[in-house]
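The values are calculated or read from the model by the stated rules, or taken from the named source; none is laboratory data. As the structure is a computational prediction, the values presented were derived from the model and not from experiment. All Cβ positions, glycine included, derive from the backbone under ideal geometry; neighbour counts span all protein chains shown. Protein only, heavy atoms only, side chains kept; ligands, DNA and RNA dropped before computing areas. Shrake-Rupley method; radii C 1.70, N 1.55, O 1.52, S 1.80 Å.
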Amino acid sequence: MAKWLVAYASMTGNTEEIAELIVEGITQGGHEVDLKSVTDFNAADILNYDGFMIGVYTWGDGELPDEFLDFYEELDELDLNGKRAAVFGSGDTSYEQFCGAVDLTAEKLQERGAKVSPEMLKIEYSPLEQEKETCRDFGRRFVTADAQVS
């Protein structure tokens, strides 16, 4: 059985909530998944998983948050060739670069060789009631897509 990881950086709890909903979707499909904050492990730990999803909130106008920078820089040391990945996050539409950190993270993962899902989940602040199922479905679709590729 495939090993899945959902990792996130969250300051206010918004991205953490999205991550938890994604995990719900994955587990509802009968899959096992680990949920971790990026501050609790090293980026190299993602090599222990068949696929991973990274959640990051956007700070300011499209910037990576401070507590995510070490993890982001550690990615430069990894060969992610063949690893399945997806990126999600929260942001504020009042800024020109809505969820810019999500885009930066996806680009970094692609540079390192990961097969990044073209679908990214971007939520303003925390998920509204109707967006909660979208978050769960994002997780379900990611693990199902991987099973179809194998």
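Below are the figures for this structure:
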| quantity | calculated |
| --- | --- |
| Criterion violated by Val6 - all others in (1) over 16 Å from Val116 (Cβ atoms); (2) in contact (Cβ under 8 Å) with a residue 60 or more places away in the chain; (3) in contact with a strand residue (DSSP E or B) (Cβ under 6 Å, 6 or more places away or on another chain) satisfied | (1) |
| Residues of the stretch 49-100 that turn out to be touching an Asp or Glu at 6+ places or on another chain (Cβ under 6 Å) and of a type in the set (Lys, Arg), as a count | 1 |
| Matching residues in the stretch 23-47 - criterion: being touching an Asp or Glu at 6+ places or on another chain (Cβ under 9 Å) and of a type outside the set (Lys, Arg) | Val23, Gly25, Ile26, Leu35, Ser37, Val38, Thr39, Asn42, Ala43, Ala44, Leu47 |
| Residues of the stretch 116-139 satisfying the condition of being surrounded by 18 or more Cβ atoms within 10 Å (Cβ to Cβ) and farther than 15 Å from Ala19 by Cβ | Val116, Ser117 |
| Enumerated strands (runs of 3 or more DSSP E) restricted to the stretch 1-107, each holding at least 2 residues that are out of contact with any helix residue (DSSP H, G or I) (no Cβ under 7 Å at 6 or more places or on another chain) and open to solvent by 50 Å² or more (accessible area, probe 1.4 Å) | 33-37 |
